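The values are calculated or read from the model by the stated rules, or taken from the named source; none is laboratory data. As the structure is a prediction and not an experimental result, all values here were calculated from the model. Reconstructed Cβ throughout: ideal geometry from the backbone, glycine too, with neighbour counts over all protein chains shown. Please note that ligands, DNA and RNA were not included when accessible areas were found on the heavy atoms of the full protein model with its side chains. Shrake-Rupley method; radii C 1.70, N 1.55, O 1.52, S 1.80 Å.
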Amino acid sequence: MKRNDFLKTLGLGTAGVLVGESLLSGCMNHDMAAMDMVTAPTVVEGAFTTVLPIPETITSGTALNARSQSAAILAGKTEQVLGYKNGILGPTFRVQRGSTVTIPFTNGLSEVTNIHWHGLLVPASMDGHPDQMVMAGQSFNYTFKIDQTASTAWYHPHPHEKTGKQVFMGLAGMFIVESPEEKALNLPSGNYELPLVIQDKRLDTNGAIMYSPTLEEVMIGYMGETITVNGANAPVQNVTTRTYRLRIVNGSNGRIYSLALSNGNSFMVIGSDGGLLAAPETVMSLLLAPGERADLLVDFSKVALNSDVFLQSNSFSGVSSQGSQSFKIMKFTVNKAETDTFKIPTLLNSLTSISAASAIKTRTFDIGVMMDMGSGGHGGSMAMKGMHTINGKVFNSNRIDESVTLNSTEIWEFDNTKGDEPHPMHLHGTFFQVISRTGGRGNILPHEKGLKDTVLAMPGEKVRIIVKFEHTGKFVFHCHNLEHEDDGMMLNFEVK
Ligand SMILES: [Cu+2]
């Protein structure tokens, strides 16, 4: 159902139903067409004078403590945020394939939280399922073996109905898996490898984060006017005339970025969610949705000394609520000449395509329909909740929605052809391969050619993925627009 139709339905069926003020005023003050025009806040670019913060690098054994702490998102304006160690966000894990990681975690918040290891193949009991809460003041030891190819993962809270707020307030961090195979490629490392967690924040005049989505913002996702990288607005990083590896996480709640370089140069995609691609792909821009990662190589060798190149987000089409504005994200200043002998390997990773013929089942998920409030279900006094569904259902922790046989291969189809909002769909407990996209952009994009755990289905699109389920247990799959997820756009699947 289109948002328009949904609101018409709701408008006809509001007698006796308590409807939140934001929707009432929306309906009263605007006509239905105007409701379709809900858009992201206009991005306000900063001065690009703050030096890019690089989160501390840690390994197994380092304790994380989710708690309120002070940080300056805007230069000179220190405010309380949430973080896992020092300041906003969390440290960057860097661990070796095959190692066992132990993370003593304490919940220093005044409400429940937990940690989901997004992009790590960990046992279901360690995955941060919304069932597995760490109560306020309590601790939990996360421990798991890293048994997967080198990749850029991340971590963030996953308490149902609170994920959006806790991530927006600052709880997230990067998790890098390394392997001897990847080391042998001699990709740019050390100072030439930059972890970049890109997020948008909504700040008050003091620079404090505000999180209070209206109904309209639950519809489109909660977005902010301030773009941050590693927790700082408008940062600058000095670089030399070499090739840099940028590991990018879109850690935003709802904002999609069309990443590009301000000098119009192409760049290379070498990896995505689940590790390196088979071979590098040259692109001019890359659309990265919440939850997705991009591993990029950017060549500054032909940039004139003492000039600037911005990482920016270009405008993009296909979404009414965002994409109309282009804006700068961060600045690179090329301030030193260095000789670069780096040659991009022609082959990066041995990836085997899962044969569609090996799939024993196809499951279809309609993600383009919003809950029909007239049909009862999740309506009533909580009319604000449960507008986003998968196959008409909202999350119920006690219900297993899909039962999957261990080691079987299946095709899952996310159908957003009737929808009018983008939905980045994320599966826990596995990687998958994208096998087709019909409607909308109509093809598989360069960064979708490797292993994925999150795939964007734009309005009008149907995306098919193929998955081999090799890990037992109860996991969730959901939309990674965190307001949609908190609204219930999440189901359980069990592998056994
Ligand atoms: Cu969604």
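Values computed for the structure shown
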| read-out | value |
| --- | --- |
| Count - residues of the stretch 138-169 that are of a type in the set (Lys, Arg) and touching a strand residue (DSSP E or B) at 6+ places or on another chain (Cβ under 6 Å) | 1 |
| Condition met for residue 296 (in a strand (DSSP E or B) and not β-branched (Val, Ile, Thr)) | yes |
| Exclusive hit being more than 16 Å from the ligand (Cβ to nearest atom), open to solvent by 60 Å² or more (accessible area, probe 1.4 Å) and not polar (S, T, N, Q), set 354, 344 | 344 |
| Residues of the stretch 445-496 that turn out to be over 20 Å from the mean Cα position of the chain (by Cα) and of a type in the set (Asp, Glu), as a count | 2 |
| Test: residue in the stretch 426-444 that is within 16 Å of the ligand (Cβ to nearest atom), within 20 Å of the chain's Cα centre (by Cα) and over 27 Å from residue 246 (Cα atoms) | no |
| Some residue of the stretch 263-270 being open to solvent by 10 Å² or more (accessible area, probe 1.4 Å), assigned by TED's automatic domain parsing to the domain that holds residue 223, in a strand (DSSP E or B) and not charged (D, E, K, R) | yes |
| Scope the stretch 125-160; condition touching a His at 6+ places or on another chain (Cβ under 9 Å) and open to solvent by less than 40 Å² (accessible area, probe 1.4 Å); matching residues | 127, 128, 129, 130, 153, 154, 155, 156, 157, 158 |
| Residue that is nearest to residue 53 (Cα to Cα), among those in the stretch 317-337 that are more than 24 Å from the chain's Cα centre (by Cα) and open to solvent by less than 50 Å² (accessible area, probe 1.4 Å) | 333 |
| Residue match in the stretch 253-260 (condition: in contact with a strand residue (DSSP E or B) (Cβ under 8 Å, 6 or more places away or on another chain), charged (D, E, K, R) and not in a loop (DSSP other than H, G, I, E, B)) | no |
| Residue in the stretch 452-460 that is open to solvent by 10 Å² or more (accessible area, probe 1.4 Å) and more than 16 Å from the ligand (Cβ to nearest atom) present | no |
| Whichever residue in the stretch 360-378 is hydrophobic (A, V, I, L, M, F, W, C), open to solvent by less than 80 Å² (accessible area, probe 1.4 Å) and more than 23 Å from the chain's Cα centre (by Cα) and, among such residues, is modelled with the lowest pLDDT | 373 |
